[in-house]
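Structure, as structure tokens:
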Amino acid sequence: MQGIAIEIAFQKKIGAGLFGGEGFIMQRLVGDGLAFVHAGGTIIKKELQAGEMIKLDTGCLVAMTTTIEYDVQFAGNLKSAIFGGEGLFLATLRGPGLVWLQSLPFSRLANRMHAASRRGGGDSKGEGGLFGGIGVKNLLGRD
């Protein structure tokens, strides 16, 4: 096959399907071409060695190779789930293979933009533009 095809990949683990944020159906890119994948914030490509494991917010996973074992687990305890800012569940990735991570998933970007629009509301002096009071300072959580 020449180029890239987008296929459906089914999540076989019930916990990952129910609580992973992506459901039971994921996308798989297959082929020998180039693919451009949209992600937000800083993108990190990490190679996990055999047995090496990382835990992360389920929304921070952009892509992974087929050799990565993916599961979703409870964050640990209720205190860290509520006050840690990561939610109740974390994605668990176990190597070997490559993973690509993002620091700013779309949901976080939308929350920051919404919060900035309520704070600024276009009242800022000297900040014009298409989005009114939403500026770089507001998006990054600084005044």
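Bear in mind these aren't lab numbers, they're just calculated from the coordinates by the rules spelled out. Keep in mind it's a predicted model, so treat the numbers as computed, not measured. Positions of Cβ are backbone-derived with ideal geometry, glycine not excepted, and every protein chain shown enters the neighbour counts.
At a glance:
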{"quantity": "Residue-span extension gain [VAL37 to ILE8] - 0.36 nm each, minus C-alpha spacing", "calculated": "8.8 nm"}
{"quantity": "Neighbour-count ranking [beta-carbon atoms within 10 angstrom, fewest first] of VAL62, VAL72", "calculated": "VAL62, VAL72"}
